[in-house]
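Shown next, in structure tokens, is the structure this report addresses.
The values are calculated or read from the model by the stated rules, or taken from the named source; none is laboratory data. Being a predicted model, the structure only gives us computed values, none of them experimental. Here the Cβ positions follow ideal geometry from the backbone for every residue, glycine too, while neighbour counts run over all protein chains shown.
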Amino acid sequence: MASTSSLRSPSTWVFAATLGLLIVSLWWNLIGAPTEATMGTIQRIFYYHVPSAAAAWTALLLNAGASLWYLIRRSPAADALAVAGAEVGLAFLTIVLITGPIWARPVWGVWWVWDARLTLTLAMWVMYASYLILRQLTPPGSLQPRLAAALAVFFAADIPIDYMSIRWWRTQHPSPVLFGGPDSGLAPRMMTALLISMAAFLAVMGCLVWLRYRQEMARGRLAALRQRQLLLEES
Amino acid sequence: MRELGEWRIAAAVCARDLRIELRTREALLAMGFYALLVMVIFSFAFSSDASLTLRAGGGLLWVAFLFAALVALDRAFLREAGESSLVGLQIAPASRAAILAGKFAASYAIILGLEALLMPLFAVLFNTPRRADWGGIIITALLGTWALAANGTYFSAMCAHTRQRALLLPLLLLPVSIPAILAMVQATQVYLTGEGMANYWLQLLIGYDVIFTVLAWALADMVLDIE
């Protein structure tokens, strides 16, 4: 029997490595990276803001892919992955939406502006919150994953159009520092801190999705077993 | 027995919904009054003069229509709640897409009818400027209402299976409709004031309509299917 709590289980080592990476990134974010010249210490929130956004997008992409897969194959594993992706993605989006205004207040002078990226992030937060609410309000059974998957595909189609339309409207957010134009870029030590932080956050995201996925699969198995027990008791 | 074509089924569902609506006038009355109230409240909330129309006319008009459309879309499947009529629809020998298309056509017609009633009222209450281009506003309304009705019918069907149906519908519909709402409001604003370009926004609306109509058509089986 495979034991998940045993030290020999590979997931334990992955979790430990993630924790180590988080500690290393903490040092880099707070001490290793130089203080930014104009913004000062507040700029360090950037090492949490950007990696959280990357983790959120990755988790929500997982949700979109898994939902599409569910619509094609109706596999319970895809549904479990979709739930895990949406929940973890929403958690990281929340971090993005909290760290953003904390940075914006001293730097822009306002907590919030209705700029393209901010508006889109808030819209996505509302979307995936409503996705989880839909799951909550649908009776369990085969209907729940089907409605949720259909909704997730609508969201995935909506997000690019959303981004484009809001961009036409207005834009104030700083441009990307990774893969941006020729003028974008960071001091080398800042880049190191960002990349380590990015790796750490993506690893945390992966661990959380994995745990939540396993939990959801176990829940499904438990429900099936209960149903079988009820059938056996009746006959 | 002769097989009914897809379009005939859609037309039959639409005609039935419209007939129910014309006999009871439930949605039109409730929605119309609701939208009117929203407009009146707006005029209290913001000082109502001609400059308000110039600054925020598009938004004002569409918020009122949006709330009214939500009432209509909720009713689209509320009508099926009694006497297992939803199950009846689902076991009918018709494709889900055709049923959804019929429902959509009925909601589209009802919401457009309401807009036709309220637009002159809006023009009078908020003193729209003489240079307002009503042709453009009507085109925007036709395209924008299509987006709301298409997505709304789909989500209304989805919510018909859940508890708290009336609460859930705006939660699902509004976030997905953000690009469409933005385009409707901006285009209407351009036509009301005669300043700026509306072409981009109309193109966005057309693209949005096409993408989400096709998507709702393709995924109709997902939201209308018995266990």
Has region A:159-174 got any residue that is in contact with a Pro (Cβ under 8 Å, 6 or more places away or on another chain), within 12 Å of chain B (Cβ to nearest Cβ), buried (at least 16 other Cβ atoms within 10 Å of the Cβ) and within 21 Å of A:VAL83 (Cβ to Cβ)? no
Within region A:42-50, is even one residue under 29 Å from A:TRP125 (Cα atoms) and outside any helix (DSSP H, G or I)?
no
Residue set A:LEU90, A:LEU61; condition closer than 15 Å to A:MET205 by Cα and within 14 Å of chain B (Cβ to nearest Cβ); output residue A:LEU90
Here the residues within region A:121-144 that are within 10 Å of another protein chain (Cβ to nearest Cβ) and over 23 Å from A:TRP57 (Cβ atoms) are A:GLN136, A:LEU137, A:THR138, A:PRO139, A:GLY141, A:SER142, A:LEU143, A:GLN144
* Asked: Taking A:LEU118, is it more than 8 Å from every other protein chain (Cβ to nearest Cβ), over 19 Å from A:ALA59 (Cβ atoms) and either surrounded by fewer than 19 Cβ atoms within 10 Å (Cβ to Cβ) or in contact (Cβ under 8 Å) with a residue 24 or more places away in the chain (or both)?
  -> yes
A:TRP112: passes all of (1) in a helix (DSSP H, G or I); (2) free of Cβ contacts under 8 Å to residues at least 60 places away in the same chain; (3) surrounded by fewer than 20 Cβ atoms within 10 Å (Cβ to Cβ); (4) not charged (D, E, K, R) but (1)
Residue pairs qualifying under the 6 Å Cβ cut-off, at least six apart or on distinct chains, with the first in region B:138-151 being within 11 Å of B:MET184 (Cβ to Cβ) and the second being hydroxyl-bearing (Ser, Thr, Tyr) and surrounded by 21 or more Cβ atoms within 10 Å (Cβ to Cβ), are B:THR140/B:THR188; B:ALA147/B:TYR208
Selection from region B:90-123 of residues surrounded by fewer than 17 Cβ atoms within 10 Å (Cβ to Cβ) and not in a helix (DSSP H, G or I) yields B:ALA92, B:PRO93, B:SER95
Residue check: is B:VAL210 surrounded by fewer than 24 Cβ atoms within 10 Å (Cβ to Cβ) and touching a residue at least 40 places away in the same chain (Cβ under 8 Å)?
-> no
Answer yes or no: is there a residue in region B:53-60 that is within 23 Å of B:ILE178 (Cα to Cα), small (Gly, Ala, Ser), within 14 Å of the chain's Cα centre (by Cα) and in a helix (DSSP H, G or I). no
Scanning region B:124-146 residue by residue, those surrounded by 18 or more Cβ atoms within 10 Å (Cβ to Cβ) and either in a helix (DSSP H, G or I) or at positive phi (or both) turn out to be B:ILE137, B:THR140, B:ALA141, B:LEU143, B:GLY144, B:THR145, B:TRP146
Note: among A:ASP162, A:ASP115, A:ASP79, just one is charged (D, E, K, R), at pLDDT 90 or above and within 22 Å of the chain's Cα centre (by Cα), namely A:ASP79
Residue hits (region B:149-196; of a type in the set (Phe, Trp, Tyr) and under 21 Å from A:PHE154 (Cα atoms)) are B:TYR154, B:PHE155
Output for Cβ contacts, cut-off 7 Å, separation at least six or different chains, first residue closer than 16 Å to B:ALA147 by Cβ in region B:109-123, second part of a helix (DSSP H, G or I) and of a type in the set (Phe, Trp, Tyr), reads B:GLU115/B:PHE65
The number of residues in region B:15-33 that are out of contact with any Leu (no Cβ under 7 Å at 6 or more places or on another chain), modelled with pLDDT under 85 and crowded, with 17+ Cβ neighbours inside 10 Å is 1
Taking B:LEU171 as the residue in question, decide whether it is closer than 22 Å to B:MET222 by Cβ and either at pLDDT below 90 or among the aromatic types (Phe, Trp, Tyr) (or both). yes
Wholly inside region B:152-219, helices (runs of 4 or more DSSP H) that include 3 or more residues that are of a type outside the set (A, V, I, L, M, F, W, C) and more than 7 Å from chain A (Cβ to nearest Cβ) are B:178-193, B:199-218
Discussion item. Given the condition surrounded by 14 or more Cβ atoms within 10 Å (Cβ to Cβ), within 30 Å of A:ALA150 (Cβ to Cβ) and modelled with pLDDT under 95, answer yes or no: does some residue in region A:38-52 qualify?
Written reply: yes
Contact list, first residue from region A:10-29 and more than 11 Å from A:ALA199 (Cα to Cα), second anywhere and in a helix (DSSP H, G or I) and charged (D, E, K, R), beta-carbon distance below 9 Å, six or more apart or interchain, is A:SER11/A:ARG214; A:TRP28/A:ARG189; A:ASN29/A:ARG44
Among the residues of region B:169-191, the number that are more than 18 Å from B:LEU204 (Cα to Cα), without any contact (Cβ under 8 Å) to a residue 40 or more places away in the chain and surrounded by fewer than 24 Cβ atoms within 10 Å (Cβ to Cβ) is 1
Residue check for B:GLY113: touching a helix residue (DSSP H, G or I) at 6+ places or on another chain (Cβ under 6 Å) and at pLDDT 85 or above:
no
